[in-house]
Structures are given as C-alpha cells and as structure tokens.
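First up is the structure itself, then whatever we jot down about it.
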Amino acid sequence: MTASAHSNHEDGHHGEGHGSFKSYMIGFVLSVVLTVIPFYLVMGDILGNAIWTVAIVFALGATQMIVHIYYFLHVTSQAEEGWLAMSIGFTVLLVVIVMTGSIWVMFNLQENMMPGHEQIEQIRSLP
Amino acid sequence: MSTESALTSEDFYVRETHHDDDGEHHHETGTMLGFWIYLMSDCLIFGTLFATYAVLGRNYAAGPSPADLFELDLILISTFLLLFSSITYGFSVLRMDMGDLKGTQIWLIITGLFGAGFLYMEVLEFSHLWHLGATPMASAFLSSFYTLVGTHGLHVLSGCIWLIVLLAQLQIHGLTHENKRRVMCLSMFWHFLDLIWIGVFSFVYLAGVLV
C-alpha cells in the first residue's frame, strides 16, 4: 500500500523521485536508439561526409545525455527545489567556457606560433 | 475546559511531530543534494579532461591515429554493457521502493556483473593498444586519451567496489533508511558514469575515427 502511494507520489513532479518502470523503460529505449544510430552512421559510413556525420553524432550524444539526466537521474526543474537543475546548469556553463576557451586559445596559438612555409623561406633569404 | 486544552495540546503535539518529520525529510534531501554537488565537481574534472583531449587529440607525433587503433564494434559492446547496467540499477531501485530486499540485491549483482564486463573490455582494449606500441608515452593524443578514458574506467572500478560494499551492508542491515539513501547515492553515481561515457564514445571514439 505504501509502495503504491509512493509510486503515485513519484509519478508527479515532486522532488526525490525514483522513477517508475515505465519511465526507466522509455529512457532505456530512447538511449538504445540514440546509441545505435551514431554507431551505424560511423561504422557503415552512411553519409560519406565526415563533417555532417560528426555534427549528427554530437547532436545525438547531447540528446542522449539529456535523456539520461531526465529519465535516469530524475533531474527536473522542481527536484530538490530547483537546486539540482541550477547546479547542473552552472556546471554545464563552466564546462562550455573551459571547452570553447581551450579550443579557441590553443587553436590560435598553434596557428600563430607555427611559422608557415613562406615565413621560413623569408627568414632563410634574409641577408 | 480541561478537555479543550488537552485537545489543543494534542493538536500541538501532532503538528510538532509533523514538523519533525519535515526536518528529517530536509536532512535526507541534504545528503542527496550534497552528493549531487560532488558529481558536478566530478563533471568539471571530466570537462577539463575533455578539453585537454580536444586540444591534444590531433597531435599524433608520427604515431598511430584513432582510425588505426579504435575498434568500434568492441566499443559498441562496452557501450551496451554500461547501458544495460544502468537499466538494471533502475530495476534495483524500483525493487527497493517495493521493499523487496532479495530483488534489490539480485538486480544490484546483475548491475555489478555488467560493470565488471565493461571493465574487462576496457582492460582488454588497453592491453591490446599497449601491445601495438600505442602507449601513453607515444604521443600527446595517446597521453590525453589514456587520461580521459582511464579516469572514467577508474570511476567505474570504484563504483563496482562501492557496489560490493553496499551489497554487504544490505545483507547485514537490510533495507534500512540509511541503506536506502546509500542505494540512491550509488544510483546517481552509476547513471552519471554512463552519462560521461556517452561523451567519451561520441567525442573520442566516433568523432576520432571520422576526422
């Protein structure tokens, strides 16, 4: 009896939800689909275009992460009075800053520190 | 007059216990929130490792590139092992909510076996790479690769050790309040590791083979 009351409670949007069988299965099926598609695209070389394939792989990966967060980790905007969503938002912000910042800075560094062929020739031909 | 006062005191008492319950509840959520904050700090560690890999992952130093090394069919198997372990952990939590100790333990053991299978695949992969001469010393790409994937593997290993300890605690104490809290904390940890693995297989393996 308590269990059914509990799961009723869970089905709503309240805090410490442990999910239901249905929600776990939805999450699992979505995850399987979102895992199989990128592997299929890459292993079969379906699109024949690396850039598009990478873009789709990343998009599907991000979608699967959201599926996991919602269906397996049960993070909703209401869970723990919004603190879970708040902290994950903050973390994602920091990770995005670190990732884009590193890639941006290091890419520019590599571009500008590596002398091009012409530059080397120029220096060689100096008197 | 006296009955009325008794009634109000009763009323007060009831309200008091209710309040106490509420306090307990908040204490409980405090643990989960604290553990969540730990997971987020772990997420930052992985974020920096991903950034390191993004910067160094193309510097092969005339050594092997991802396309030469990675075998995607094996990675697909590891991915599914971890995904299955996630759903079996979910079943364990559902059993726990029903108050079924035996079911909780059985699903936890199955989860642990999937986790061990994942670790076995990873050890197999690493020893295979090592055999090919693709050691962390070979290039910046391989250093950052081993650091990122190895850190994830160590997390799974500690998750497995935690799971064994939790099984012992469940065996000794049963489904107590504390044990339920521990099961929920490991649940978050376990699903979180699966989440990180999504990033690893998308970013390191699939994109690595392509570009």
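Which order results if A:Met113, B:Met137 are arranged by neighbouring Cβ count within 10 Å, fewest first? Before the final figure, lay out each step's value.
Working: A:Met113 7, B:Met137 11.
Starting with the residue having the fewest Cβ neighbours, the order is A:Met113, B:Met137.
Normalised by the residues of chain A, what does the relative contact order come to in percent, with Cα pairs under 8 Å and at least six apart?
Numbers: 66 pairs, mean separation 30.9, N = 127.
RCO, chain A: 24 percent.
Between the range B:29-99 and the range A:38-90, what is the C-alpha centre distance in whole Å?
12 Å
Note the angle between two axes, namely the Cα long axis of helix B:101-131 and the longest principal axis of the Cα atoms of chain B, as a number of degrees from 0 to 90, rounded to the nearest 10.
Helix B:101-131 sits at roughly 20 degrees to that axis.
With labels modelled as points extended 7 Å from the Cα through the Cβ direction, what inter-label distance (nm, one decimal) is found for B:Arg58 paired with A:Ser77?
If labels sit at B:Arg58 and A:Ser77, their model points lie 3.9 nm apart.
Order by neighbour count: A:Leu126, B:Leu129, B:Leu157, B:Leu142, fewest other Cβ atoms within 10 Å first, most last. Display every interim value, and only then the final one.
Numbers: A:Leu126 5, B:Leu129 19, B:Leu157 15, B:Leu142 24.
Final ranking by Cβ density, sparse to dense: A:Leu126, B:Leu157, B:Leu129, B:Leu142.
Please report, to one decimal in angstroms, the Kirkwood hydrodynamic radius of the protein assembly as shown built from all distinct Cα-Cα pairs. Don't skip to the end; give the middle numbers.
On the way: mean 1/r = 0.0443 Å⁻¹.
The Cα-based Kirkwood calculation yields 22.5 Å.
For chain B, set up a Gaussian network in which alpha carbons nearer than 10 Å are linked by springs, and say which option among B:Trp162, B:Trp36, B:Trp130 fluctuates the most.
Result for chain B, Cα springs under 10 Å: B:Trp130 fluctuates most.
Comparing B:Gly115, B:Gly199, B:Gly159, which has the greatest mean-square fluctuation in the GNM of chain B with Cα pairs linked when under 10 Å apart?
Checking each option, the largest mean-square fluctuation is seen for B:Gly199.
Once both labels are modelled 7 Å past Cα along the beta-carbon direction, what's the B:Ala67-B:Ser158 spacing in nm?
Calculated label separation equals 3.7 nm.
Using a Gaussian network model on chain A with a 10 Å cutoff between Cα atoms, which of A:Ser23, A:Ser102, A:Ser77 fluctuates the most?
Residue with maximal mean-square fluctuation among A:Ser23, A:Ser102, A:Ser77: A:Ser102.
Calculate the FRET efficiency for A:Val29 and A:Val96 from the Cβ-Cβ distance with a Förster distance of 45 Å, rounded to the nearest 0.05.
Values: r = 29 Å, r/R0 = 0.64.
The value I calculate is 0.95.
I need the Kirkwood Rh of the range A:13-94: take the reciprocal of the average 1/r across all distinct C-alpha pairs and report it in angstrom. Before the final figure, lay out each step's value.
Numbers: mean 1/r = 0.0700 Å⁻¹.
Over the range A:13-94, the inverse of the mean reciprocal pair distance is 14.3 Å.
Measuring from the lowest to the highest alpha carbon on each principal axis, how far does the range B:91-211 reach, largest first, in angstroms?
Extents along the principal axes, in whole Å: 51, 24, 19.
Working out 0.36 nm times the residue gap between A:Val105 and A:Met43, then minus their Cα-Cα distance, what length gain in nm do you get to one decimal?
19.1 nm
From Cα pairs below 8 angstrom and at least 6 apart in sequence, can you work out the relative contact order of chain B, rounded to a whole percent?
Values: 158 pairs, mean separation 61.9, N = 211.
Result for chain B is 29 percent.
If I stretch the segment between B:Thr135 and B:Lys102 completely, what's the gain in nm (0.36 nm per residue apart, minus their alpha carbon distance), one decimal?
On the way: separation 33, 0.36 × 33 = 11.88 nm, distance 4.41 nm.
Full-extension gain reported as 7.5 nm.
Before rounding to the nearest 500, sum -39500 (n - 2.57) across all DSSP H runs of length at least 4 in chain B and divide by the residue total; then give [θ] at 222 nm in deg cm²/dmol. Please report the intermediate quantities before stating the final value.
On the way: 7 runs with 177 residues, N = 211.
Dividing the helical sum by the residues of chain B leaves -30000 deg cm²/dmol.
How much FRET efficiency would the formula 1/(1 + (r/R0)^6) give for B:Ser41 and B:Ile109, where r is the Cβ-Cβ distance and R0 is 35 Å, rounded to 0.05? If you can, show how the numbers build up before the last one.
Working: r = 30 Å, r/R0 = 0.85.
Taking R0 as 35 Å, the efficiency between B:Ser41 and B:Ile109 is 0.75.
I need the calculated FRET efficiency for the pair B:His173 and B:Ser127, taking r as the beta carbon distance and R₀ as 35 Å, to the nearest 0.05. Walk me through the numbers before you get to the answer.
Values: r = 39 Å, r/R0 = 1.12.
Step by step, r from the Cβ atoms, then E = 0.35.
Tell me, B:Thr147, A:Thr53, B:Thr176 in order of fewest to most beta-carbon neighbours within 10 Å?
Details: B:Thr147 15, A:Thr53 21, B:Thr176 12.
Lowest to highest Cβ neighbour count: B:Thr176, B:Thr147, A:Thr53.
With each run of n ≥ 4 DSSP H residues scored as -39500 (n - 2.57), what mean residue ellipticity at 222 nm is computed for chain A after dividing by its residue count and rounding to the nearest 500 deg cm²/dmol? Show your work: numbers first, answer last.
Details: 5 runs with 90 residues, N = 127.
After summing the helix terms and dividing by residue count, I get -24000 deg cm²/dmol.
Every number in this text was worked out from the coordinates using simple rules, so none of it is lab data. These figures come from a predicted structure and were not determined experimentally. Here Cβ is always computed from backbone atoms with ideal geometry, including for glycine, and neighbour counts include all displayed protein chains.
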